[in-house]
Amino acid sequence: MTEDIHLSVVIPAYNEERKIADDIHLAERYFKTQSYGCEIIVADDGSLDGTSDVVESIARNNPRVRLVRLQQNRGKGAAVRAGMEAARGRFALFSDAGTCVPYANVERGLDLLKNGSDMAYGTRSTSQAHIQRKQPIYRRIGSRVFHYIVHFWMGLTDISDTQCGFKLFTQRAYRDIFRNIMTDGFMFDSETFLYALWRGYTIREFPVEWSNDPDTRFKPFGGSIRNFRELVAIRRRMRQLRSGKIQIQR
């Protein structure tokens, strides 16, 4: 029942046939030990392999698991948005495929939401965070450059880690945010923060345990060009929202 769902867990996936079952089982193993109701939504971003078949097979025997499928590959942002639009929980979490952050970390974020925050995000950038397996050196260099661009050019100076794939929202916040952000690719996180700040939502961070997933979908050269184009479009859209040239969807 919808009223029994305390937390919706959204896992965006693209060509994750080999590991999506592990992601679901890890989520199930953790959340079945908790006292609150939970649903697990896999948002398949138009996978070309058997990702959806695996999820549907699990869902047939587990009513807490649901599949949302995009007909074509559009990007991580589009998948997360589709999953959040289908969510029914009092709170919602999106967690990257590959379970880079163990699900036990969710309790820190939920505590923040229950104590007045509208959005809580996991961060790898504090001394309390525990990095179990680091990114390769080229990704770390790229992350530092990206950090500078996002923090200063995009104005997210108070956000320590925009890209960690472990973020929680209250129902009021996720229904508003994901109805109004438009970015389909990896930069949707930046738009999420900018929109949430513009709307006056309270955002807090919490340290996480994190391990790099070497099976990344990000392509350094082509991906960086697409990311920059998305950031330009986000800046333009936020200016239009602030000026009233475009209206939010309610």
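R229 is checked against (1) among the charged types (D, E, K, R); (2) at pLDDT below 95; (3) in a helix (DSSP H, G or I); (4) buried (at least 17 other Cβ atoms within 10 Å of the Cβ) and fails just one. What number does that condition carry?
If we test R229 against (1) among the charged types (D, E, K, R); (2) at pLDDT below 95; (3) in a helix (DSSP H, G or I); (4) buried (at least 17 other Cβ atoms within 10 Å of the Cβ), just (4) comes out false.
Please specify each residue of the range 113-124 satisfying the condition of being in contact (Cβ under 8 Å) with a residue 24 or more places away in the chain and either surrounded by fewer than 17 Cβ atoms within 10 Å (Cβ to Cβ) or at positive phi (or both).
The answer is G116, and nothing else.
Yes or no: S47 farther than 26 Å from A196 by Cβ, surrounded by 21 or more Cβ atoms within 10 Å (Cβ to Cβ) and among the polar types (S, T, N, Q)?
yes
Considering only the range 29-66, how many residues are of a type in the set (D, E) and touching a strand residue (DSSP E or B) at 6+ places or on another chain (Cβ under 7 Å)? Walk me through how you get there before you give the answer.
Restricting attention to the range 29-66, the residues satisfying the condition of being of a type in the set (D, E) are 39, 44-45, 49, 53, 56.
From the residues that got through so far, the ones that are touching a strand residue (DSSP E or B) at 6+ places or on another chain (Cβ under 7 Å) too are 39, 44-45, 56.
Residues that pass the stated criteria total 4.
Look through the range 3-14, keep the residues that are surrounded by 18 or more Cβ atoms within 10 Å (Cβ to Cβ) and touching a Gly at 6+ places or on another chain (Cβ under 9 Å), and return whichever of them is farthest from A78 (Cα to Cα). Before the answer, list the steps.
Keep residues of the range 3-14 that are surrounded by 18 or more Cβ atoms within 10 Å (Cβ to Cβ), which gives 5, 7-14.
Filter once more, keeping what is touching a Gly at 6+ places or on another chain (Cβ under 9 Å): 5, 7-12, 14.
Details: I5: 23, L7: 21, S8: 17, V9: 16, V10: 12, I11: 12, P12: 9, Y14: 11 Å.
Filtering first and then ranking leaves I5.
I20 is checked against (1) of a type in the set (A, V, I, L, M); (2) surrounded by 20 or more Cβ atoms within 10 Å (Cβ to Cβ); (3) free of Cβ contacts under 8 Å to residues at least 12 places away in the same chain and fails just one. What number does that condition carry?
Every listed condition holds for I20 apart from (3).
Among the residues in the range 103-112, are any in contact (Cβ under 8 Å) with a residue 40 or more places away in the chain, outside any helix (DSSP H, G or I) and either touching a Phe, Trp or Tyr at 6+ places or on another chain (Cβ under 8 Å) or closer than 25 Å to T33 by Cβ (or both)?
Within the range 103-112 (the criterion being in contact (Cβ under 8 Å) with a residue 40 or more places away in the chain, outside any helix (DSSP H, G or I) and either touching a Phe, Trp or Tyr at 6+ places or on another chain (Cβ under 8 Å) or closer than 25 Å to T33 by Cβ (or both)), the answer is no, since none of the residues qualifies.
Determine which single condition S52 fails, assuming it passes every other condition in (1) assigned to a strand (DSSP E or B); (2) under 29 Å from G185 (Cβ atoms).
Only one criterion is unmet by S52, namely (1).
Mind listing just one residue for me: the one in the range 26-38 that is touching a residue at least 12 places away in the same chain (Cβ under 8 Å) and closer than 21 Å to C100 by Cβ and, of those, surrounded by the fewest Cβ atoms within 10 Å (Cβ to Cβ)?
It comes out as L26.
Please find, among A196, A173, the residue that is under 16 Å from V10 (Cα atoms) and not acidic (D, E).
Testing whether each residue is under 16 Å from V10 (Cα atoms) and not acidic (D, E) leaves just A173.
Those residues that are farther than 17 Å from F169 by Cα and buried (at least 24 other Cβ atoms within 10 Å of the Cβ), I need them from the range 69-84; list them, please.
K76
Please enumerate the residues belonging to the range 3-41 that are over 15 Å from A92 (Cβ atoms) and in a loop (DSSP other than H, G, I, E, B).
Those that are over 15 Å from A92 (Cβ atoms) and in a loop (DSSP other than H, G, I, E, B): Y14, N15, E16, E17, R18, K19, K32, T33, Q34, S35.
The values are calculated or read from the model by the stated rules, or taken from the named source; none is laboratory data. Treat the numbers as computed from the prediction; the structure is a model and nothing was measured. Cβ atoms come from the backbone with ideal geometry, glycine included; neighbour counts cover every protein chain shown.
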